[in-house]
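K.L.:
First the structure, then my questions, so here it is.
Throughout, read-outs are computed from the coordinates displayed, never taken from laboratory work. Quick caveat, the model's predicted, so the values are computed rather than measured. Glycine also receives a Cβ, built like all others from the backbone with ideal geometry; neighbour counts cover every protein chain displayed.
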Amino acid sequence: MSTVIYEVRDHVAHLTLNRPDSLNALNLAMIEDLRLASARAEADPAVHAILLGGAGAHFMAGGDLKWFREQLALPAQERQPLFERTISDVHQTTLQLRRCGKPVVAAVRGAVAGFGLSLMLAADLALASEDAYFTLAYCNIALSPDGGATWSLPRVVGMKRAAEIALLGDRFDAAQALAWGLVNRVVPASELQAQAEALATRLAGGPREALASTKQLLNASLTSTLAEQLHAEQRAFAACGVNADFGEGLAAFFDKRRPRFGA
């Protein structure tokens, strides 16, 4: 059985973490399945948006600590390169989701810990159920974070708050995650899937080139000067302006109807 279920519905690729008995903890098989699933969604022209979720009551409780404990039997000179290779594989998913031109939505419930939090941060938008709880947790087992958490957190919550989350490893709830800007919405657990699917479907029906350009511009803004960003906006705007979706958007506005992008 695959550790990541891959389904496409209404132009949305559903990537569902599928180790519910282990709180969807990340093991070697899931690392590979998640990398392949995210690459597949990026390459599939029928996919216009990606929805991340977890089977069962939890999103992801971090890495599989049973596997880590087994590696303690290895001498340090073997363990260190093994961990480097493993985390390198994990990071391929983070890079694919951030670089992908398609909008990525995360729907999280229950435990959102360790790489689960990093994975949620790699998404463009995140919805959390009221019962979701969050922790970076690495410091509790004497590890430093991975999955891009140390890149994302300072940019989302600021350096002081990022240090608090990373250095203390405390658990916080969905209301706090919303207040800190880590998630976009908090919804009742019974409505999480429906609302997340509705949001992903809405994005999938949007103007694909414009959304991809917008995501690229937002990502680039974090390391660009104002002049560089203005130039990038100029080029992206002009490119979108010769796309058929632009004409459809204008026609729909003047016809007072919903646009049908990509038709």
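K.L.:
Between helix 244-255 and the chain, what is the angle of the helix's C-alpha long axis to the longest principal axis, kept within 0 to 90° and rounded to the nearest 10?
P.N.:
Taking Cα atoms only, the helix is inclined about 60 degrees.
K.L.:
Quote the charge dipole size of the stretch 112-228 about the Cα centre in Debye, to the nearest 20; the model charges only the Cβ of Lys and Arg (+1) and of Asp and Glu (-1).
P.N.:
Approximately 240 debye in magnitude.
K.L.:
Take peptides 158-166, 239-247 and line them up by average Cβ neighbours within 10 Å, highest first, as a rough protection proxy.
P.N.:
Put in order of decreasing packing, that is 158-166, 239-247.
K.L.:
To the nearest 20 Debye, how big is the dipole of the stretch 1-79 about its Cα centre, given +1 on the beta carbon of each Lys and Arg and -1 on that of each Asp and Glu?
P.N.:
Here the size comes out at about 180 debye.
K.L.:
Tell me, in nm to one decimal, what length is gained between residue 140 and residue 28 on full extension, where the rule is 0.36 nm per residue of separation less the Cα-Cα distance?
P.N.:
38.2 nm
K.L.:
Follow-up. Toward the positive end of the charge dipole of the stretch 163-246, about the Cα centre and with charges on Cβ (Lys, Arg +1; Asp, Glu -1), which of 182, 194, 216 goes farthest?
P.N.:
216
K.L.:
Distance in nm between label sites at residue 77 and residue 89, each 7 Å beyond Cα in the beta-carbon direction?
P.N.:
For residue 77 paired with residue 89, the spin-label model returns 2.4 nm.
K.L.:
What number, rounded to the nearest 500 deg cm²/dmol, is the helix-based mean residue ellipticity at 222 nm of the chain, given -39500 (n - 2.57) per DSSP H run of at least four residues and division by all its residues?
P.N.:
It lands at -16000 deg cm²/dmol.
K.L.:
Output the 0 to 90 degree angle, nearest 10, between the alpha-carbon long axis of helix 28-43 and the longest principal axis computed from the alpha carbons of the chain.
P.N.:
Computed tilt is about 10 degrees.
K.L.:
Give the peptides 217-230, 81-94, 120-133 in descending order of average Cβ contacts within 10 Å, highest first.
P.N.:
120-133, 81-94, 217-230
K.L.:
OK, next. So, with +1 on the Cβ of K and R and -1 on the Cβ of D and E, and no other charges, what is the size of the charge dipole of the chain about its Cα centre, to the nearest 20 debye?
P.N.:
400 debye
K.L.:
If R₀ is 25 angstrom, what is the calculated FRET efficiency for the pair residue 216 and residue 150, using the beta carbon separation as r and rounding to 0.05?
P.N.:
0.65
K.L.:
While we're here: With labels modelled as points extended 7 Å from the Cα through the Cβ direction, what inter-label distance (nm, one decimal) is found for residue 46 paired with residue 171?
P.N.:
4.1 nm
K.L.:
Net charge near residue 154: determine it from the other residues with C-beta under 10 Å of the C-beta of residue 154, scoring Lys and Arg +1 and Asp and Glu -1.
P.N.:
+3
K.L.:
Could you tell me the largest-minus-smallest coordinate of the C-alpha atoms of the stretch 143-189 on each of the three principal axes, in descending order and whole angstroms?
P.N.:
33, 20, 19
K.L.:
Run the simple label-point estimate for residue 226 and residue 70 please: 7 Å along Cα→C-beta, distance reported in nm.
P.N.:
It works out to 5.5 nm between the two label points.
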